[in-house]
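A short worksheet on the structure shown next.
The values are calculated or read from the model by the stated rules, or taken from the named source; none is laboratory data. These numbers were taken from a predicted model, which means no experiment stands behind them. Don't worry about glycine lacking a Cβ; one is built from the backbone with ideal geometry, like all the others, and counts go over all protein chains shown. Areas reflect the complete protein model, heavy atoms only, side chains present, ligands, DNA and RNA absent. Shrake-Rupley method; radii C 1.70, N 1.55, O 1.52, S 1.80 Å.
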Amino acid sequence: MKNLIIKGTLVALFFTGLISCSSDDSDSGPVVAPEENPLEKYINETGFTTITNFVNAGDYEFGMRFKPTVNGTINKIFIKIPDARTNLRVTIWDVAEGIIYRTELIPTVTANVEASKTIAPLALIKDKEYMITYNSNDWYKRHKADDSDITYPIIAGNITFTGYGWKSGTAQNYPTIFETDYYAGDLSFAFQPSL
């Protein structure tokens, strides 16, 4: 009787081991979070739906400050402007340090057609402030129909926008003038949260 109980316990343990092993085998690998492009949500949240096109209207370094609410990476950059350009410069800045974190060139931009460039993943740290800018003399000015101000921050998924700024000229200089009644672009990115 004692041997029968021991054998029964061993058989039960064996099958339990098989079941737990088989559930491990069904694991399909790591879960990857979907990429987010926060621009559309930003535009909707701000009400910046009135658009004016500016072509050959003076050179500026301009773009958005933002903070991710989770760790993640930028994997792609998107740009759409109302004129054709080659080698359009996009810069991602470390705001606290006021230094360049990454520079990318978009080889070809066609007027009024969104261009994109896949980049080597650029790590972003939760709650750290960054800025993404581009340098051009062409842009869409997005504002409210009544030209009223908005209040930052603007939450767009896992990205919190903290301001829009610009600096005149073609040099790669950090923007120093910030506005709350419009946004000039369109410049955005694909953010992939870390899980």
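General remarks:
- Among the trypsin sites (Lys or Arg not before Pro) found in region 44-143, those both in a DSSP coil and sparsely packed, with 15 or fewer other Cβ atoms within 10 Å of their Cβ, are Lys126, Lys128.
- Relative contact order of region 114-193: 33 percent, from C-alpha pairs under 8 Å at least 6 residues apart in sequence.
- Measuring nothing but how far apart in sequence close Cα pairs (under 8 Å, 6+ apart) lie, relative to its length, region 68-165 scores a relative contact order of 36 percent.
- Ranked by how many other beta carbons lie within 10 Å on average, peptides 40-49, 145-154 from highest: 40-49, 145-154
- Region 79-195: radius of gyration over Cα atoms, expressed as a fraction of 2.2 N^0.38 Å: 1.08
- Theoretical gain in end-to-end length, Lys76 to Glu179 [0.36 nm per residue, Cα-Cα removed]: 34.5 nm
- From the alpha carbon centroid of region 135-169 to that of region 82-126 is 16 Å.
- For region 133-195: accessible area per residue (Å², 1.4 Å): 39 Å²
- Contour excess over end-to-end distance, with Cα ends at Asn137 and Asn44 and 0.36 nm allotted per residue: 31.0 nm
- Pair Ser148, Asp94: separation of 7 Å Cα→Cβ label points (nm): 4.0 nm
- Label-zone membership for region 60-78, site Ala123, 7 angstrom Cα→C-beta point, backbone N under 13 Å: 71-74
- Loop-located GluC sites (Glu not before Pro) in region 70-165, at most 10 other Cβ atoms within 10 Å (DSSP): Glu97
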